[in-house]
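J.: One structure is given below, represented as structure tokens, and several questions about it will come after.
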Amino acid sequence: MRTDFILKAIEAVNQAVLASEAELESLDREIGDGDHFINLKRGCAALLDMREELAALPADQVLQRMGMKLLSTIGGASGPLLATIFMTLAKHEKTETADTLPKIAAAFAASVEAVKQRGKAGLGEKTMLDTLIPVADTFSQLSNAGEPADAIYTAIQQAAEQGMRSTRDLIATKGRAAFLGERAIGHIDAGARSSQIIIHTIAELARKPL
Amino acid sequence: MRTDFILKAIEAVNQAVLASEAELESLDREIGDGDHFINLKRGCAALLDMREELAALPADQVLQRMGMKLLSTIGGASGPLLATIFMTLAKHEKTETADTLPKIAAAFAASVEAVKQRGKAGLGEKTMLDTLIPVADTFSQLSNAGEPADAIYTAIQQAAEQGMRSTRDLIATKGRAAFLGERAIGHIDAGARSSQIIIHTIAELARKPL
Amino acid sequence: MKKFINDVDQLLVESLSGFARAHADIVSLHLDPNFVTRRHKAENKVAIISGGGSGHEPLHTGYVGYGMLDAACPGHVFTSPSPDQMLAAAEAVHAGKGVLFIVKNYAGDVMNFEMAAEMLPFEHATVLTSDDVAVENSTYTTGRRGVAGTVIVEKVVGSLAETGADLAACKALGDKVNSRTATMGVALTSCTVPAAGRPTFDIADNELEMGVGIHGEPGRRREAMRQADAIVQDLVDAILHDLKPASGSEILLLVNGFAATPLMELYLLYNSAAGLLEAQGLKISRSHVGNTTTALDMAGASITVCLLDDEIRQHWDSPVHTAGLRWQL
Amino acid sequence: MKKFINDVDQLLVESLSGFARAHADIVSLHLDPNFVTRRHKAENKVAIISGGGSGHEPLHTGYVGYGMLDAACPGHVFTSPSPDQMLAAAEAVHAGKGVLFIVKNYAGDVMNFEMAAEMLPFEHATVLTSDDVAVENSTYTTGRRGVAGTVIVEKVVGSLAETGADLAACKALGDKVNSRTATMGVALTSCTVPAAGRPTFDIADNELEMGVGIHGEPGRRREAMRQADAIVQDLVDAILHDLKPASGSEILLLVNGFAATPLMELYLLYNSAAGLLEAQGLKISRSHVGNTTTALDMAGASITVCLLDDEIRQHWDSPVHTAGLRWQL
Ligand SMILES: Nc1ncnc2c1ncn2[C@@H]1O[C@H](COP(=O)(O)OP(=O)(O)O)[C@@H](O)[C@H]1O
Ligand SMILES: Nc1ncnc2c1ncn2[C@@H]1O[C@H](COP(=O)(O)OP(=O)(O)O)[C@@H](O)[C@H]1O
Ligand SMILES: [Mg+2]
Ligand SMILES: [Mg+2]
Ligand SMILES: [Mg+2]
Ligand SMILES: [Mg+2]
């Protein structure tokens, strides 16, 4: 991965998150505690603040620092989980530069695996994993099959959207919404939606030449 | 005074107070603490409850017991003041039965004097005394002058109404409204209004043959 | 109005019963007339008795116990108690050295305690508290209201009485503390008297009531809502304007919540007030933050400054064991 | 939203600063990362550390001090703290006998404390509190939430740690207390997260939320408002259904306010709950009533029952000196 792409992605994700304030806030208010947007905003702001410091570093160190920063600024359930993604990506990047789509897909799949471990959760529990797992699967399959990049990005975006939407009809068994039982049905999970927004934004960015 | 008249008066005053709930409550809310109606209602209910016990007693004992009962049930500023009226009437009734209008007027004037002492207040301080003092004066003057009873009752009712209305433009220097300074102007004092209602009701009752 | 009650008429007795049950190791409840005494009667000391309308809990019942009050007489909500309560309480706790009434300066409280005092068969004295600087003082009016500073008077006088001091000494210390104490409050919402069932005053979402009373009495002025620091500045200014403490003076700073304002905000107010007071050269050597003198369900707070001296500080620090304040015991 | 704040982003630090200033004799505040420690570091004992989102004050910072916590890590409002806070706090208070984390069972808190534990260079263990019976327990889900019963766990374990007991013993007692403690809450109004600026949920004037969480999470059901006794009956039923105490059992009864509910109402709830529990043959030998675990500015309350035994009672009674609980010191 390239540091300049990561820096661009930070800015793009920040904008996308800020643009979804009302929606993310109300999703977490409905079946959570209403702070998911605030948590993400705080994390994004912290990453934006460290751009200069990051610019001079190789990608593995960039990802590791981002992970540590998110870990110490977001808090809540999403903090350790998002941090885990970046810290796992960093570990991979260190041993083998993810300079092809299959390698990036493998690193991402490992990150999602790490999130599953950390959250002791899997598919269908009405969490961000309902977005992340299908994305990781699609990404790996299509890139290993040698599909063209654009098709892969589109497929990832579709998988994310579909995964996110699937949370609407689920009962939550992990996270704060798990306390609600049946009352969580009919509401999309905030973390599933925010991950989908983030993935959509990064895929869109990847599509354009740097 | 006659015990049966007092018992009738208790019932009539209770009804008149209950009928003024909204008005008394809002007057005391505007420049006091909103409990004046509740306090009076509690006092009236206690007196109603003791009617049987009172019925067998001579008027002086009736008045004394009413005073003690009001003292222990009303509380607040109006409790000791209203109790003082009845306890003073009782003292007078004991030494000389108030069986003529001039004698009743003298007993009432003494009661109002006792309220002034207890409240350390006089005319123009935006309290119940702005109703009571003019009533006492009018009552004494007209009854000593030998005016016909009906004319006296009418004059008492007018004096009460005029006194009550005079409180609207006053700054309070006693009672809870005194904390408001200029902000009390424009509001009628709750105790002045309730005393006026009570006096009006008793005068009306006195007009009718028992 | 949404409150945890069964029947408005039973609220007071049910609440007092819960209080007495929860603190049966400290207090005893007597009903009809209503008063609360210490579980174990104190001997050979001035009996300290306070009371007032209910709705200010823990004031006063929560301050009955070793080191503070011997008895408290709770009236109906926001209505002063009646003399029979004070008389029965005095009868129960008098211990041969006289009775000191601590009374917040409201016409109703003053008159009811006065009538009780006149009928009292014991030596007695009264300390009137009047710490609320929102109200202008004047010899022609009722004077100032007694508010949260009353807690400091009760704590300090209660401590002195515990030493066996006589009635005159207790009265003198109470008057001294009161004269060195100033409070100013602000409301963000109204309270709702349960029997009335609707808010005592209307206040918009962008307004505050500066100088509000603890019964929801209107204050000095209705103002636009603003940042906490600006609000605290006004509260502190009013207090300092009144107390005029010499630079270097040692103070007790009390931030009192009216009930519905969370501790998180009270501590923020404390932080703001402490900064302003220290900038004036004052030394905050004692602090207290919490709901000590409430106003039913009102959101808001008051700030109280008490000018300490060795005597007051020592009696503030001394052991106390009540439902509302407890330390060193 | 009407609150005493200056700037939403500064609320936490300003409030913590006020807290630390007001209780400088008990605690020290460390910023960036944020944590609160005892003023004087304890030696030769297991270090007890708790933490969680802010907005539940006095939980947890208010329970730092002799006899309870060695340190507390406050997160942003309703957001669990991050591992760097726990690591720095542990570094500051570790006294050679290991670290015990007391963590309310929420995914965020659990994961953040877990990550801290993984990085911790000291022997450590964790007690997860999960006393909220509003939530069905199941091995497949997150399980129950930790709520007001956490205060009892912190008090009791804190007391044991003070005796020099080892980490395993502290962990075992914490787990025991948690397993014998059940809580059920009810909200009359929503809370408002300051950064969100609007109520977390809408609730009508004639409704209540039965089984609400301390972050304003929806509860078991939305119901019609009714008399306090009927509400308490439901709370107590849920608790007894869970704890199934034998008749004659000795209990601690805690009535906790969520912040905006006045003490007068909390005592009324206590009275009602005590009556029901005694009618079930239970012996209420310890009681606590007050705002111990709040939910920002929510009106509402929870009832907690802890089944006592000699060990738990003794550690509940032992001396404690914190901002939020203080006795015998
Ligand atoms: N155990 C878990 N595994 C995976 N994701 C989780 C887990 N618990 C919570 N989440 C995700 O975290 C999101 C909530 O994040 P956030 O609101 O920031 O934290 P909190 O729930 O602590 O307030 C949920 O919407 C859900 O997607
Ligand atoms: N010092 C006084 N002298 C005469 N009347 C007074 C005095 N103080 C108060 N009052 C009267 O008492 C009325 C208030 O009664 P109430 O509301 O029952 O008691 P409280 O003011 O204690 O709530 C006032 O409206 C006023 O008329
Ligand atoms: Mg959340
Ligand atoms: Mg009144
Ligand atoms: Mg009143
Ligand atoms: Mg949260």
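J.: So what does the Cα-only Debye profile of chain A read at q = 0.07, 0.17, 0.18, 0.19 Å⁻¹, as log10 I(q)/I(0), no solvent term?
T.: Log10 of I(q)/I(0), two decimals: -0.19, -1.19, -1.35, -1.51.
J.: Report, in debye and to the nearest 20, how large the dipole of chain A comes out about its Cα centre when Lys and Arg carry +1 and Asp and Glu carry -1 on their Cβ. All intermediate terms of the calculation are to be shown ahead of the outcome.
T.: Numbers: 23 positive and 27 negative charges, 73 e Å.
So the dipole magnitude of chain A works out to roughly 360 debye.
J.: Using Cα springs under 10 Å in a Gaussian network model of chain C, which residue among C:Met119, C:Met210, C:Met68 shows the largest mean-square fluctuation?
T.: C:Met119
J.: In a GNM of chain B with a 10 Å cut-off on Cα contacts, which of B:Leu63, B:Leu123, B:Leu180 has the highest mean-square fluctuation?
T.: Of the options given, B:Leu180 has the highest mean-square fluctuation.
J.: Can you check what the Kirkwood hydrodynamic radius comes to for the range A:88-189, Cα pairs only, in Å to one decimal? Kindly include the intermediate steps, with their values, before the conclusion.
T.: Values: mean 1/r = 0.0696 Å⁻¹.
About 14.4 Å for the range A:88-189.
J.: At A:Asn144 and B:Lys103, where each label point lies 7 Å from the Cα along Cα→Cβ, what is the point-to-point distance in nanometres?
T.: 11.5 nm
J.: Rg and Dmax of the range C:8-179, using alpha carbons, in Å: what are they?
T.: Reported Rg and Dmax, both Å: 14.8, 45.
J.: Then there's this: Between the range C:280-329 and the range A:85-128, what's the alpha-carbon centroid distance in Å?
T.: That distance is 55 Å.
J.: Run the Debye formula on the Cα coordinates of the range D:120-236, all scatterers equal and no solvent, and tell me log10 I(q)/I(0) at q = 0.13 1/Å.
T.: -0.65
J.: Grab the beta carbon distance between B:Ser20 and B:Ala55, set R0 = 35 Å, and tell me the FRET efficiency rounded to 0.05. Write out the running numbers ahead of the final one.
T.: Values: r = 27 Å, r/R0 = 0.77.
For R0 = 35 Å, the calculated efficiency reads 0.85.
J.: A further question follows. Shielding of B:25-37 by partners, i.e. mean partner chain Cβ atoms within 10 Å per residue? List each step's numbers first, then the result.
T.: Working: counts 5, 2, 0, 3, 8, 3, 2, 7, 17, 15, 12, 1, 2.
Mean partner shielding for this stretch: 6.
J.: How far apart are the A:Ser26 label points across copies, placing each 7 Å from Cα toward Cβ, in nm, shortest first?
T.: 3.8
J.: Moving on to the next point. Report the equivalent ellipsoid semi-axes for the range D:244-329 in whole Å, largest first, defined as the square roots of five times the eigenvalues of the gyration tensor built from alpha carbon atoms.
T.: Values: eigenvalues 98, 72, 18 Å².
Over the Cα atoms of the range D:244-329, the ellipsoid semi-axes are 22, 19, 9 Å.
J.: What is the ratio of the Cα radius of gyration of the range D:195-306 to 2.2 N^0.38 Å, with N the residue count, to two decimals? Spell out each step's value before the answer.
T.: Values: Rg = 14.4 Å, N = 112, 2.2 N^0.38 = 13.2 Å.
Rounded to two decimals, the normalised Rg is 1.09.
J.: Going by a ≥ b ≥ c, the root eigenvalues of the Cα gyration tensor, does chain C fall in the rounded group (a/c under 1.5), the prolate group (a/b larger than b/c) or the oblate group? Let's see the in-between values first.
T.: On the way: a/c = 1.66, a/b = 1.21, b/c = 1.38.
Judged from the Cα gyration tensor, chain C comes out oblate (a/c at least 1.5, b/c at or above a/b).
J.: Additional query: If you average 1/r over all unlike Cα pairs in the range B:1-108 and invert the result, what Kirkwood radius do you get in angstrom? Mind dumping the intermediate values first?
T.: Working: mean 1/r = 0.0696 Å⁻¹.
For the range B:1-108, the Kirkwood estimate is 14.4 Å.
J.: Within the set of other residues whose C-beta is less than 10 Å from the C-beta of D:Ala259, count the net charge using Lys and Arg as +1 and Asp and Glu as -1.
T.: Details: positive: none; negative: C:Glu265, D:Glu57, D:Asp297.
Local charge sum for D:Ala259: -3.
J.: Within straight cross-link reach of A:Lys126, meaning Cα distance under 18 Å, which lysines are found once same-chain residues fewer than 8 apart are removed?
T.: A:Lys116, A:Lys174
J.: With label points built 7 Å along Cα→Cβ from the Cα atoms of D:Ser247 and C:Glu123, find their separation and express it in nm.
T.: 5.6 nm
J.: Please list, in order, the residues from the range C:219-246 whose amide nitrogen is less than 16 Å from a point placed 7 Å along the Cα→Cβ vector of C:Ala279.
T.: C:227-241
J.: Rounded to the nearest 0.05, what FRET efficiency do D:Ala168 and D:His40 give with R0 = 25 Å and r taken as the Cβ-Cβ distance? Could you check?
T.: Numbers: r = 26 Å, r/R0 = 1.05.
Efficiency, from the Cβ-Cβ distance: 0.45.
J.: Treat the range B:154-207 as a sphere of radius equal to its Kirkwood radius over Cα pairs and apply Stokes-Einstein at 20 °C in a medium of 1.002 mPa s; give the translational diffusion coefficient in µm²/s, rounded to a whole number.
T.: Details: Rh = 11.7 Å.
Translational diffusion coefficient: 183 µm²/s.
J.: Right, another one. Only residues of the range C:75-110 count here: report those whose backbone N is under 18 Å from the spot 7 Å along Cα→Cβ of B:Ala45, or say none.
T.: C:75-82
J.: Closest beta-carbon to the C-to-D rotation axis: which chain C residue owns it, and what is the separation in whole Å?
T.: Output: C:Ala260, 2.
J.: Separate question: Would you work out which of C:Ser130, C:Val151, C:Leu240 lies farthest towards the positive end of the dipole of the protein assembly as shown, given +1 charges on the beta-carbon of Lys and Arg and -1 on that of Asp and Glu, about the Cα centre?
T.: It is C:Val151, whose Cα lies furthest towards the positive end.
J.: Do you know the relative contact order of the range D:8-179, to the nearest whole percent, from alpha carbon pairs under 8 angstrom that are 6+ apart?
T.: Numbers: 360 pairs, mean separation 36.0, N = 172.
Relative contact order, the range D:8-179: 21 percent.
J.: What FRET efficiency, computed as 1/(1 + (r/R0)^6) with R0 = 30 Å and r the Cβ-Cβ distance, is obtained for D:Glu207 and C:Leu31, rounded to the nearest 0.05?
T.: Numbers: r = 34 Å, r/R0 = 1.13.
With R0 = 30 Å, the Cβ-Cβ based efficiency is 0.30.
J.: Once the protein assembly as shown is represented by equal point scatterers at the alpha-carbon sites, with solvent omitted, what log10 I(q)/I(0) does the Debye formula produce at q = 0.08, 0.09 Å⁻¹?
T.: These q points yield log10 I(q)/I(0) values of -0.84, -1.01.
J.: Additional query: Rounding to the nearest 20 debye, state how big the charge dipole of the range D:12-131 is about its Cα centre with +1 on each Lys and Arg Cβ and -1 on each Asp and Glu Cβ.
T.: Values: 7 positive and 13 negative charges, 69 e Å.
Computed about the Cα centre, the dipole is about 340 debye.
J.: Between copies, how far apart are the D:Ser179 label points? List them in nm, one decimal, shortest first, with each point 7 Å from Cα toward Cβ, please?
T.: 6.4
J.: Report the relative contact order of chain A, percent, no decimals, based on alpha-carbon pairs under 8 angstrom and at least 6 residues apart. Intermediate results must be reported in sequence, preceding the final value.
T.: Values: 330 pairs, mean separation 47.4, N = 210.
23 percent.
J.: With a 10 Å Cβ neighbour count serving as the proxy for reagent exposure, in which order, fewest first, do D:Phe122, C:Phe35 appear? Present the calculation step by step, with values, prior to reporting the outcome.
T.: Details: D:Phe122 15, C:Phe35 29.
Lowest to highest Cβ neighbour count: D:Phe122, C:Phe35.
J.: Under 8 Å for C-alpha pairs, at least 6 residues apart: give me the relative contact order for the range D:181-308, rounded to a whole percent.
T.: Details: 269 pairs, mean separation 46.3, N = 128.
36 percent.
J.: Additional query: Convert 10 °C to kelvin, take the viscosity as 1.306 mPa s, use the Kirkwood radius over C-alpha pairs of the range D:55-106 as Rh, and evaluate the Stokes-Einstein diffusion coefficient in µm²/s, rounded to a whole number. Write down the numbers at each step before the final one.
T.: Values: Rh = 11.8 Å.
Translational diffusion coefficient: 134 µm²/s.
J.: For chain D, with a Gaussian network of springs between Cα atoms less than 10 Å apart, report the residue from D:Leu208, D:Leu16, D:Leu263 with the top mean-square fluctuation.
T.: Highest fluctuation among the options: D:Leu263.
J.: Can I ask one more? If each label sits 7 angstrom from Cα along the C-beta direction, how far apart, in nm, is B:Arg207 from its counterparts in the other copies?
T.: 8.9
J.: To the nearest 500 deg cm²/dmol, what mean residue ellipticity at 222 nm is calculated for the protein assembly as shown from DSSP H runs of n ≥ 4 alone, each contributing -39,500 (n - 2.57), summed and divided by the residues? Provide the component values of the computation, followed by the final result.
T.: Numbers: 36 runs with 510 residues, N = 1078.
-15500 deg cm²/dmol, from helical runs alone.
J.: Please state the charge dipole magnitude for the protein assembly as shown, taken about the Cα centre, from unit charges on C-beta atoms (+1 on K and R, -1 on D and E), reported in debye and rounded to the nearest 20. Spell out each step's value before the answer.
T.: Values: 96 positive and 132 negative charges, 140 e Å.
About 680 debye.
J.: Could you give the distance between the Cα centres of the range C:144-171 and the range C:24-103, to the whole Å?
T.: Using only Cα atoms, the two centres lie 14 Å from each other.
Throughout, read-outs are computed from the coordinates displayed, never taken from laboratory work. Treat the numbers as computed from the prediction; the structure is a model and nothing was measured. A quick note on method: Cβ atoms are made from the backbone with ideal geometry, for glycine too, and the neighbour counts reach across all protein chains shown.
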